[in-house]
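Here the structure is laid out as structure tokens; the discussion comes afterwards.
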Amino acid sequence: MESEWRNKLRKLLIRHEGLRLRPYQCTAGRWTVGYGHNLESHGEAIPTSITIEQAEKYLDQDMASAESQCRSRMPFFGGLSPVRQAVLIDMCFNLGINGLLGFKNTLAAVSSGDYARAAKQMLESKWATQVKTRAVRLARMMATDEWPKD
């Protein structure tokens with residue numbers, strides 16, 4: 001079950017981030033490569049390009065880091081279903097842990113089990129206007145506790 005969950009999460013992140021082998025500046029102006037790997041936050045030099053293998057290695061490292069940060073910074077995280085854990089890991093991957101922790105109302109709703117309210121809060125955020133379909137998909141997952149069918 002664990003590896004199936006990780007595979008679903010990995011596919012979700014790949015879908016949301018897309019693959020770029022040449023560095024680019026993300027919407028926050030940070031140099032990024034691969035599947036949304038922030039080079040600057042890792043103190044890495046900006047390469048001219050990377051291989052798919054490097055991109056996948058970064059993805060695996062970044063996924064593990066986002067999960068670890070969610071587990072250590074949100075006491076309720078371990079009690080969530082795998083789908084709802086994936087939502088928070090995806091958001092952490094995208095926003096960083098401090099960005100995710102800024103969703104105080106959303107996280108309060110999640111911790112109290114009010115997943116419909118959490119989904120509504122997600123969609124009413126500035127983040128949702130920036131990431132559009134990603135936010136809609138993640139909010140649906142939060143509300144329904146189901147992996148996306150699309």
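For the chain, a Gaussian network of Cα nodes joined below 10 Å ranks Leu19, Leu88, Leu138 by mean-square fluctuation, and the top entry is Leu19. For segment 122-127, 3J(HN,Hα) computed residue by residue from phi via the Karplus equation (6.51, -1.76, 1.60; θ = phi - 60°) reads 4, 6, 8, 8, 4, 3 Hz, glycine and proline entered as x.
Evaluating 6.51 cos²θ - 1.76 cosθ + 1.60 at θ = phi - 60° for every residue in segment 53-68, the Karplus couplings come out as 4, 5, 4, 5, 5, 4, 4, 4, 5, 5, 4, 4, 5, 4, 5, 4 Hz, glycine and proline recorded as x. For the chain, relative contact order (Cα pairs under 8 Å, six or more residues apart, normalised by length) works out to 15 percent. Convex hull volume of the Cα atoms of segment 2-144, normalised per residue: 101 Å³. Compared with the dominant principal axis of the Cα atoms in the chain, helix 2-17 is inclined by about 70°. Computed over neighbours whose Cβ is under 10 Å from that of Leu12, the net charge equals +4, Lys and Arg +1, Asp and Glu -1. Classification of segment 9-93 by its C-alpha gyration tensor yields a prolate form. The axis ratio a/c (a ≥ b ≥ c) is 1.5 or more, and a/b outweighs b/c.
For the chain, the longest principal axis of the Cα atoms and the long axis of helix 133-144 meet at an angle of about 30 degrees. Counting lysine pairs in the chain whose alpha carbons fall under 15 angstrom apart, excluding pairs fewer than 8 residues apart on the same chain, gives 6. Separation of segment 1-42 from segment 121-150 is 17 Å, based on Cα centroids.
Coordinate-derived values only; no laboratory data. Keep in mind it's a predicted model, so treat the numbers as computed, not measured. Note: ideal-geometry Cβ built from the backbone for every residue, glycine included; neighbour counts use all protein chains shown.
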